[in-house]
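The values are calculated or read from the model by the stated rules, or taken from the named source; none is laboratory data. As the structure is a prediction and not an experimental result, all values here were calculated from the model. Cβ placement follows ideal geometry from the backbone for every residue including glycine, while neighbour counts extend to all protein chains displayed. For the accessible areas, the whole protein counts, side chains as well, though only heavy atoms, and no ligand, DNA or RNA atoms are used. Shrake-Rupley method; radii C 1.70, N 1.55, O 1.52, S 1.80 Å.
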Amino acid sequence: MNVQELPPVHDCAVEGCSYNADHECHAGAINITGAEAGCGTFIDISISGGLPTATAMVGACHRTDCTHNDALECHADSIRVGPGADVADCLTYQVA
């Protein structure tokens with residue numbers, strides 16, 4: 001897998017994230033981590049961030065128990081991020 005093949009963040013429903021603009025994630029890449037498959041890139045500050053025309057990709061996934069995870073890389077076609085157990089979770093996460 002190369003950088004161009006990383007799965008995109010198809011939708012982000014997390015209100016208040018500095019990278020979210022109209023349900024699109026504008027971070028260069030995000031990481032999925034933690035006990036609840038949380039978006040490790042989520043940040044709630046008053047400054048808008050990211051790249052104005054970019055759609056974030058999944059840079060790394062630390063949830064080795066996810067069916068889409070292979071060698072810490074996400075192999076889903078795309079992912080959705082939104083409120084789950086935490087304020088910003090990978091909603092595509094599925095236990096293998």
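Side notes on the structure shown:
- Near-label residues of region 14-39 by backbone N, under 16 Å of a point 7 Å along Cα→Cβ of A85: 32-39
- Solvent-accessible surface of region 1-87, taken per residue with a 1.4 Å probe and all protein chains present: 57 Å².
- Residue by residue, region 26-39 carries 3J(HN,Hα) couplings of 10, 6, x, 7, 10, 10, 9, 8, x, 5, 10, 6, x, 7 Hz when phi is fed to the Karplus relation 6.51 cos²θ - 1.76 cosθ + 1.60 (θ = phi - 60°); x denotes Gly or Pro.
- Amide H contacts under 5 Å for A29: M57, restricted to partners 5 or more places along the chain or on a different chain, H placed in the peptide plane at 1.01 Å from N.
- By definition, a body whose alpha carbon gyration tensor gives a ≥ b ≥ c is oblate when a/c is 1.5 or more and a/b is not larger than b/c, and the chain fits this oblate description.
- 3J(HN,Hα) along region 62-75, derived from phi through the Karplus expression 6.51 cos²θ - 1.76 cosθ + 1.60 where θ = phi - 60°, amounts to 8, 8, 5, 8, 7, 4, 8, 8, 9, 6, 6, 10, 7, 10 Hz, with x in place of Gly and Pro.
- Distant-in-sequence amide contacts of A21, defined by a placed amide H-H separation under 5 Å and a gap of 5 or more residues or a different chain, comprise H26.
- Under Karplus coefficients 6.51, -1.76 and 1.60, residue-wise ³J(HN,Hα) of region 82-96 in Hz, glycine/proline x: x, x, x, 5, 10, 5, 9, 10, 6, 7, 8, 3, 9, 5, 6
- Separation in nanometres of the label points that stand 7 Å from Cα toward Cβ, at V95 and S46: 4.2
- Antiparallel %, DSSP beta bridges [both residues in the chain], to 5: 60
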